[in-house]
Structure formats: structure tokens, C-alpha cells
1. So, in region 281-294, how many residues would count as being surrounded by fewer than 24 Cβ atoms within 10 Å (Cβ to Cβ) and either hydrophobic (A, V, I, L, M, F, W, C) or over 19 Å from Leu346 (Cβ atoms) (or both)?
2. Looking at region 260-280, which of its residues are of a type in the set (Val, Ile, Thr), modelled with pLDDT of 95 or more and either surrounded by fewer than 23 Cβ atoms within 10 Å (Cβ to Cβ) or in a helix (DSSP H, G or I) (or both)?
3. If you check Ser347 against the conditions, is it under 26 Å from Asp479 (Cα atoms), without any contact (Cβ under 8 Å) to a residue 12 or more places away in the chain and either in a loop (DSSP other than H, G, I, E, B) or in contact with a strand residue (DSSP E or B) (Cβ under 7 Å, 6 or more places away or on another chain) (or both)?
4. Ser414 - would you say it is surrounded by 13 or more Cβ atoms within 10 Å (Cβ to Cβ), more than 30 Å from Ala502 (Cβ to Cβ), under 19 Å from the mean Cα position of the chain (by Cα) and at pLDDT 95 or above?
5. Of all residues in region 124-178, count the ones that are assigned to a loop (DSSP other than H, G, I, E, B) and surrounded by fewer than 19 Cβ atoms within 10 Å (Cβ to Cβ).
6. Just to check your reading of the model, which residue among Lys433, Lys405, Lys411, Lys370 is without any contact (Cβ under 8 Å) to a residue 60 or more places away in the chain and closer than 30 Å to Asn461 by Cα?
7. Of the residues Thr249, Thr255, Thr212, Thr185, only one is of a type in the set (Ser, Thr, Tyr) and without any contact (Cβ under 8 Å) to a residue 24 or more places away in the chain; which?
8. Of the conditions (1) at pLDDT 95 or above; (2) part of a helix (DSSP H, G or I); (3) within 28 Å of Gly345 (Cα to Cα), Ile422 fails just one. Which one is it?
Amino acid sequence: MEYSHNSLILSLVLHIVALLSMSLLVTDVPQYVKQIPIILTQHEEEIIEPILPQIYNFSETETNISEEIAEATRESSLQTQPELMTIDVPQSILQEELYEPSQDFTNIDLLSGVANAIGNGISSEQSVGGAIDRLTAEIINVASDENVNVLWLLDASISVSSQREEIKNRFEKILYELNLSENTTKDVNHVIVSFGEGLQIINKEPTNDLDTLIKSITNIKLDESGVENVYSAVGQLCKIYPSKRDNRTMIIIFTDEVGDDIQNLELVANLCRRNAVSIYAVAPPAPFGKSVVEFKYVDPDPKFNQEPRWVQIQQGPDGLFPTVLNLQSLPIDNEAIDSGFGSFGLSKLCADTGGIYFSVHPNRSNNKVKRSDIAPLASNISVFFKDENMRMYRPDYSNISHQNKEISTNKIYSALVRACQIPLNITGDQTMKFSAFTEGEFAEQLSMAQRFAALIEPQINNVWSILQDVEKYSDSIKDKRWDASYHLAMGRICAAKCRAEAYNLTLATAKSGIKKDNDKINTWTLEYSDELTIKNSQLEKTFDSAKQHLEYVVSNFPNTPWSYIASIELNTPMGYKWVGSYTEPPKLNMGGGGGNNMPKDDQKRMLEKKPSRKVDKI
């Protein structure tokens, strides 16, 4: 009886094991991976302590849409299968040890094969297609020596949907060229990944099957959170798909913003180098001296309202520290121009790993672009600069701690960075026309106008004194980027100081009376003048200093953003002159009727409109 009982137990155990084994046999393996947190490490003494806390405030500001957006009345046709499992991106990366690869580290040798040298940097392109053609050549170059896994990391936000479609449509050509090339002697496989607030690995196993890849891109789920955790996504992929001796990993990022988790940049860059993963980015140019730029949003889904809407989007800055004055004094200050480089974080990530940042803008073929001509889903950048002119002005992509130390020990650098942090808006209501029907009325108007100068002169002098205190060291600047930046800042603040002081002195002098050429003159208008009409030695010194610094920039840094702005500043007069005229004195208003004629055909204004998608952040 005991033997029979033991046999029964044994049989039961065997059946349970068999059932469990059968349950593990599936015909369709889900194309996702389990959650894998990134754990990086960093020595306590190397924790980044930036001089300027705000250098890391790169996360996107809330998008401001210039008109009220109506609720969408239908589902977006861009929404896809929601059942794909999402890997949550951690909000912060744990710190353990700082990984600083030495120059003889073997994985650096692995990295150097892609871009031929670490940090080869940037390529300007007009289209995503042009960037993909260049990327195909890079893949072929690597595949001549070793197998390659290419991870296509696509921004899942709505504003990049047209780029995802273009990639999908070009994949057949990509695979055809890879197979056709005689240099592609090794296997090339691909993984489609998307990111936003989280990370989706669509096809976990690398493949070169066209149908699978196209289906994977189609299956990307639209992320409407407005959050782009691109650095955490790259870090996770580096741990899942590290390079091996016989198999290189390349990650190609497609996005239109800077990323919301840039605090992870340095640690993720170290992880990429440790795992010999090369990073490429196809993204917009960073605006010169700005973080935020206007973006022409046209809904990519024709079911929704196709009218352009201008929103604010973060696509800069191009460097770690601000080196362009935060100045509002001329119309050019309200425009965005090409910096010649990509956003700092992604550009550094590419440079650190031997990749390339492809700076893409559809209007790049034109040197000067009107706002009305900006292509849909593109930033409002009005002027572009050529790679060959900008190559020697490359931002510093070295270790962030190293950059902090360099800034803190260099008088010119630290003064420029401090000055560029100070907001300076001197575009207030500057009175230029004065009535002189009576002497008392004229004098009162002059005094009121002087208040404008009284408000802005202390602000200007604050910035000017910071830069002027280190002017004696300016001849020692060796780096062309810092040299151009300092002299442009000094030239601009001197020009602003000259205009403010000339305005104030011109008004003050007029209180003593202005010589009339005609007794009928009863109106005085200030007009801009290329020359100073007020004799004042300090004012003349400021005038000469402004011209000296600005002319230095134009002469020494041609065909760059610095010389472009310096030329505009030079062509803007810094002096004023009085011009007299006669104005008919105002007559007493006796009143009068007059109503508003309403449009007779209001119904024509009530044309049926397509609904607008509700977009909080794009």
C-alpha cells in the first residue's frame, strides 16, 4: 500500500512537470523585453556641480499654442496597437562609479571605425532622406569589417510622425543598398525602437526582414505625453544590446527636441563608450544663443485641422554654457538663426561615441528664409550657415566637470558666462516725437522720455562692467569660439550703452533749447544718426569701443552667426539728431456719429472647419 501511494505521488509530480513544460511552448514570442533599469556609477567627488545650476534646465517648457485648440472629435488615425508592452524609463540614474575610458582602452578602438575618429561631429542636411543616405554609407563602412546591429530609436511624439513615415518608406532602399554594396561583407540586422515618456522595443530580435521592419515601424504607439526621455532610452539600449568583438551596435536617434532627461547625459555617454555603442542623431539645428524656437505645427493627420500653428519648442542651446548675451535691443533678437551645430546634449553624445549629429532642416538650401516660407513641422530659423565655415567653431564636448573647472579658472570665460545669464530687455516705449506748442509742454515731454533711459542704463551698465573689467585679458583668448563670443558681447553691450546714453544726453541738451531753422517749427522728432551729435568724451569712447569690437568680429569670423549679428549691429545707428517740422495744432473734438457696419455676409465666415487635435505638448 505504501509503494502504491508513493507511485501515485511520483506520477502526479511528473504530470505537473509535463504540463508546466507544455505551457512554456508558444508559437509566437512577444516582441518586447522585461523592464531593465539602468544602474550607472560615479565617484562622489566627480558628481557634476555646475557653476550655473540652470545649465541643466533644458527640459521642454510647456508648449504654448498660439490659438485655442478645440477638442478633437475623433480618434487619431496615427494611434496604433496599444497592447505593446512599454518599458518604463527610470526618472533618475543611480550613481556608482565614474567610468572614464583611457585612450588605450580597447573599446575606443571599436568606436573609432565608424566616424574614423572620436567626435567627428556634425553634418548639415536639408532632408531626413539625405541623412539616411549618409547613415547607410556609415553602416556599410562598419559592415565591411564586422557584423552590425542597427537600433533605430524613433521619437514617438506626433511632431516626428512624418519622419517615421519617411524612414518606413525608405527601408527597402536601405536594405537594397546594404545588400548591393560590395563592401558589406558582414551581416547587418536592425531593431526598431521608439521612445517618449517610456521606451518600446518593437522587434526584440535584430532582423533584416523588410516586412518585419516595416510592420514594426507601423506598430509604434503614438506618445502624446510630450516627454522625451532620450538619454535614459539610449542607456537602456546600451545595456540590452552592447557591442561585442564580432558584432557592433549603432544607435540612430530621430527626434526634434533636446530631451527631458539631459541630467543623465554624462553617465549615459560613459555607458555607451564602455559598451562600445556608437550614437548617431538626426535632429534639428540648435538656434544660435537660444534654447527655445518657434515651430510651425501642421497636423500630420489630414483628418485634423491643417492650418499652421506656431508653438514654442526647445531645440537648443548648442553649448553647455551661455555665451551669447540675453539681449533684446534689435529686431534680430526676436529671430532664430542657425548656430551651425546641433543641441548640446545629443551632439556631445554623438561626439563622445564616434558618431555624427545630422543637423536637418528642410529650408536649409536657402541662406535666408521668410517666416511664411518655413516648411511644416520645422523650426522658424531664418538664416543658415555652411559646415565648412563653422567647423573651427565647434562647441566644447569634453567632460562636463572639466568644462566647469575651465570656466571657473578663466577670467574672460567666467565673466562672459555671468554676463550672458542676465536678461536685458531695452526695447521699451522710446519716445521719438515731441510736440512743442509751448515751451513748458516740450520740457515736460522731454523729462518723461528720460525716464526710459533712467530705467535701462543701470541694467546695461551692470552687464557692461562685467565684460569691461576683463577686457584687458581679451588678447589672450586662443579659442575662436570664445574669442568671437566675447567680442560680439562686448560690441553689442557697448552699442546698447551708447544708444541709451546718447538718447538721454540728447533729451537733456534739448531742454536748453534747440536752434530753429524755421519759426513755424512746433514739432521735434528724433531720428537715428550714424554719427554722434552730442559732444561727450565718455560717450565717444563707448561709441568707438562698440565699433572696434564689432568690426573685429566681422573681419575675423566671416560667414558665421557672430559676424552676421555684428554686421546688423554695426549697420544700426548709435546716435540721434533732431528734425523739426510743423504740425497743425489739435482742434477740439466736437463729437460725431458713425457706427460700425457689420459684415453683410457673416455666413461666409462660418465655413465648416476640421477639428483640431488636442495637443498639450508635441
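1. 3
2. Hit for region 260-280 is Val268, nothing else.
3. No: the conditions fail for Ser347.
4. Details: surrounded by 13 or more Cβ atoms within 10 Å (Cβ to Cβ): yes; more than 30 Å from Ala502 (Cβ to Cβ): yes; under 19 Å from the mean Cα position of the chain (by Cα): no; at pLDDT 95 or above: yes.
So Ser414 does not fit the description; no.
5. Qualifying residue count, region 124-178: 5.
6. Lys405
7. Thr212
8. Every listed condition holds for Ile422 apart from (2).
The values are calculated or read from the model by the stated rules, or taken from the named source; none is laboratory data. Small disclaimer: the values here were computed from a predicted structure and weren't measured. Note that we place each Cβ from the backbone using ideal geometry, even for glycine, and neighbour counts take in every protein chain shown.
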